[in-house]
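Colleague: Let me begin by handing over the structure; questions about it come next.
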Amino acid sequence: MAYKTELQSKGYQVIEDFLNPSECQKLLDGIQDFRDNNKLQEIFRAVRGRNLHYFVIRGDQIEKNLSDIHHLYIGKVKQKVNELVRDELAPLSNLQARLNVNIMPPGDYEYRWHYDRNYITAILYLNKVQGGETEFYPNNRIYLKNKYMALQKLIDWVLNLPFIRFFLSRKVAIAPQVGRLIVMQANRSLHSVTPAMGDHDRINIIMAYDFPSVEFPVEKGLDKYIYTRDKQESTDPNYG
Ligand SMILES: O=C(O)CCC(=O)C(=O)O
Ligand SMILES: [Fe+2]
């Protein structure tokens, strides 16, 4: 790539009103309908600093039951992402992980600090809540592109020591707003979600893109960790 786009140099971009309130409401109605007919699994993994505690609708379930959201993923949002990176990124081949609806009731729910496996993640908020901010350190990682995993872990550990992070990185917090879209270099930007407050669930759509046919070594353990309640051999497979 000859030069960097704004997204690449800044690490993220925020697009307001990507969907209008009635489009968001229609998607929320579909999600409510799905919840009325299916019991969502509550995921809880205790993590130092911030836990992983949320409900999720996986991409395979979305594709079968919530086709509007799937179409957004392979259509309008993909187009926007490719416009911002000036490249031809594609949906991941992993059907569960590439597209999620995250649901966080107010109170004791939050999303752990992590990097995503894939290059670009688009986060579309469907409603406004108090709290529930996506916090991140844009482009804070020295990224080794899925090579040298042990060295990557060491670098991640050092760069994420609180005092190092404090001096080297700038933290951004984006609040949920109806129709707001964040597009982020998510495998290069440490991110997490703070607890929501108030009286309704925080609901957003997480859409993952990368160059076609990229593979992810952490995939198997990571999917078990973030989508199931199964016992885990180790802690977070991304960080061991
Ligand atoms: O819900 C959010 O704002 C971000 C969630 C996230 O980082 C993820 O699902 O990988
Ligand atoms: Fe993420």
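Colleague: Residue under question is Tyr119, and the condition is that it be farther than 24 Å from Gln61 by Cα, away from ligand 1 (no atom under 11 Å from the Cβ) and hydroxyl-bearing (Ser, Thr, Tyr); does it hold?
Modeller: On the way: farther than 24 Å from Gln61 by Cα: no; away from ligand 1 (no atom under 11 Å from the Cβ): yes; hydroxyl-bearing (Ser, Thr, Tyr): yes.
No; evaluated as a whole, the condition is false for this residue.
Per-residue answers, yes or no, for (1) modelled with pLDDT of 85 or more; (2) away from ligand 2 (no atom under 16 Å from the Cβ); (3) on the phi > 0 side of the Ramachandran plot; (4) under 13 Å from the mean Cα position of the chain (by Cα):
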residue: Leu190; (1), (2), (3), (4): yes, no, no, yes
residue: Gly198; (1), (2), (3), (4): yes, yes, yes, no
residue: Asp210; (1), (2), (3), (4): yes, no, no, no
residue: Lys231; (1), (2), (3), (4): no, yes, no, no
residue: Pro237; (1), (2), (3), (4): no, no, no, no
residue: Gly240; (1), (2), (3), (4): no, yes, yes, no
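Colleague: Can you go through Arg180, Arg141, Arg188, Arg202 and tell me which one is touching a strand residue (DSSP E or B) at 6+ places or on another chain (Cβ under 6 Å), within 25 Å of Gln8 (Cβ to Cβ) and among the basic types (Lys, Arg)?
Modeller: Numbers: Arg141 fails: touching a strand residue (DSSP E or B) at 6+ places or on another chain (Cβ under 6 Å); Arg188 fails: touching a strand residue (DSSP E or B) at 6+ places or on another chain (Cβ under 6 Å); Arg202 fails: within 25 Å of Gln8 (Cβ to Cβ).
Just a single option satisfies the conditions, and that option is Arg180.
Colleague: Just name the residue that is modelled with the lowest pLDDT out of those in the range 112-142 that are among the polar types (S, T, N, Q) and in a loop (DSSP other than H, G, I, E, B). Show your work before the answer.
Modeller: Initially, the range 112-142 is screened for residues among the polar types (S, T, N, Q), giving 118, 121, 127, 130, 134, 139-140.
Those still in the list that are in a loop (DSSP other than H, G, I, E, B) too: 118, 127, 139-140.
Numbers: Asn118: 94, Asn127: 98, Asn139: 91, Asn140: 84.
Result: Asn140.
Colleague: Still on this structure, please answer the following. Right, Ala150: surrounded by fewer than 13 Cβ atoms within 10 Å (Cβ to Cβ) and either free of Cβ contacts under 8 Å to residues at least 40 places away in the same chain or farther than 23 Å from Leu19 by Cα (or both) or not?
Modeller: Numbers: surrounded by fewer than 13 Cβ atoms within 10 Å (Cβ to Cβ): yes; either free of Cβ contacts under 8 Å to residues at least 40 places away in the same chain or farther than 23 Å from Leu19 by Cα (or both): yes.
Here the answer is yes, as Ala150 does meet what is asked.
Colleague: Right, next: What is the one condition in (1) surrounded by fewer than 21 Cβ atoms within 10 Å (Cβ to Cβ); (2) among the aliphatic types (A, V, I, L, M); (3) away from ligand 2 (no atom under 16 Å from the Cβ); (4) under 16 Å from Asn100 (Cα atoms) that Leu126 does not satisfy?
Modeller: Failed condition: (1).
Colleague: Let me ask you something else. Name the single residue, out of those in the range 129-142 being near ligand 1 (Cβ under 9 Å from one of its atoms) and crowded, with 20+ Cβ neighbours inside 10 Å, that is farthest from the chain's Cα centre (by Cα).
Modeller: Only one residue fits best here, namely Gly132.
Colleague: Which residue out of Arg50, Arg58, Arg45 is within 18 Å of the chain's Cα centre (by Cα), within 18 Å of Ile123 (Cα to Cα) and of a type in the set (Lys, Arg)?
Modeller: Details: Arg50 fails: within 18 Å of Ile123 (Cα to Cα); Arg45 fails: within 18 Å of Ile123 (Cα to Cα).
Being within 18 Å of the chain's Cα centre (by Cα), within 18 Å of Ile123 (Cα to Cα) and of a type in the set (Lys, Arg) holds for just one of Arg50, Arg58, Arg45, which is Arg58.
Matching residues to (1) buried (at least 17 other Cβ atoms within 10 Å of the Cβ); (2) in contact with a helix residue (DSSP H, G or I) (Cβ under 6 Å, 6 or more places away or on another chain); (3) at pLDDT below 80:
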site	(1), (2), (3)
Leu144	no, yes, no
Arg170	no, no, no
Leu181	yes, no, no
Pro195	yes, no, no
Asp201	yes, no, no
Leu222	yes, no, no
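Colleague: Out of all the residues in the range 202-233, which are among the acidic types (Asp, Glu) and more than 28 Å from Arg170 (Cα to Cα)?
Modeller: Looking only at the range 202-233, we keep the residues that are among the acidic types (Asp, Glu), and these are 210, 215, 219, 223, 230, 233.
Matches in the range 202-233: Glu215, Glu219, Asp223, Asp230, Glu233.
Colleague: What helices (runs of 4 or more DSSP H) lie completely within the range 1-111 and have 3 or more residues being out of contact with any strand residue (DSSP E or B) (no Cβ under 8 Å at 6 or more places or on another chain), modelled with pLDDT of 95 or more and more than 22 Å from Gly221 (Cβ to Cβ)?
Modeller: Details: elements: 6-10, 21-37, 59-65, 67-74, 76-85.
Hits in the range 1-111: 21-37, 67-74, 76-85.
The values are calculated or read from the model by the stated rules, or taken from the named source; none is laboratory data. Because the structure is predicted, anything quoted here is derived from the model rather than measured. With ideal geometry, Cβ positions are generated from the backbone for all residues, glycine too; neighbour counts draw on all protein chains shown.
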